[in-house]
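See structure below.
Throughout, read-outs are computed from the coordinates displayed, never taken from laboratory work. The model shown is predicted, which means the values in this text are computed figures rather than measured ones. Please note: Cβ atoms are built from the backbone with ideal geometry, for glycine as well, and neighbour counts cover all protein chains shown.
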Amino acid sequence: MKCPFCGNADTQVKDSRTSEDGAAIRRRRACPDCGGRFTTFERVQLRELSVMKRSGRRTPFDRDKLARSVQVALRKRPVEAERIERMVSGIVRQLESLGESEIKSEQIGELVMEGLKSLDDVAYVRFASVYRNFREAKDFENIIGELAQDEDK
């Protein structure tokens, strides 16, 4: 693994532990040249996924981009980082288990909406407002009405 501080290609693993419910390995590394310490994570990837955008463009699936969008929706909300990571890992596993290498961005968005709905209502509404491109206050009223109906059930 290349050192992020000095670029040395030969770094040493100082400690390895499982994390994220055993879905990843966390490695603590040190650079013998500059003495810098950093952490890396290894995850199992079942298949290469690509995302088909609404515009028709294809891009490689980026787990970090998915995690960032979820974290933006959950910013300043009382949800533990571990629950967020579990949700993101669950979405990735669902996508990989579909058996397809190309996934529509709409599928990913719907899985995120489903996950956020169970984590935090405010984050769900935030994400929905961007994902569904809300244009007026009535759009917010509609989604909040849907949430209220689900809670009544």
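Structure summary
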quantity: Sparse-neighbourhood loop sites, trypsin sites (Lys or Arg not before Pro) in segment 75-114 - DSSP loop, at most 11 other Cβ within 10 angstrom; calculated: Arg75, Lys76
quantity: Long-range amide H partners of Leu49 with built H, under 5 Å; calculated: Phe61
quantity: Under-5 Å amide H pairs with Ala24, H placed in peptide plane, nonlocal only; calculated: Ser19
quantity: Taking segment 46-152 and dividing mean pair separation by its residue count, relative contact order in percent (alpha carbons under 8 Å, at least six apart); calculated: 29
quantity: Proximal lysines relative to Lys117, as straight alpha-carbon distance under 29 Å, when same-chain residues fewer than 8 apart are discounted; calculated: Lys53, Lys65, Lys76, Lys104, Lys138, Lys153
quantity: For segment 86-103, 3J(HN,Hα) per residue [Karplus equation, 6.51 cos²θ - 1.76 cosθ + 1.60, θ = phi - 60°, Hz, x = Gly/Pro]; calculated: 5, 5, 4, 4, x, 5, 4, 4, 4, 5, 5, 7, 5, x, 10, 8, 10, 10
quantity: Exposed GluC sites (Glu not before Pro) absent - longest run of the chain, DSSP non-H/G/I/E/B, at most 14 other C-beta within 10 Å; calculated: 1-47
quantity: Sum of side-chain charges, Arg77 neighbourhood, beta-carbon under 13 Å (Lys, Arg +1; Asp, Glu -1); calculated: +1
quantity: Charge-dipole axis of the chain as Lys and Arg at +1 and Asp and Glu at -1 on Cβ define it, positive-most pick from Cys6, Val122, Ile108; calculated: Cys6
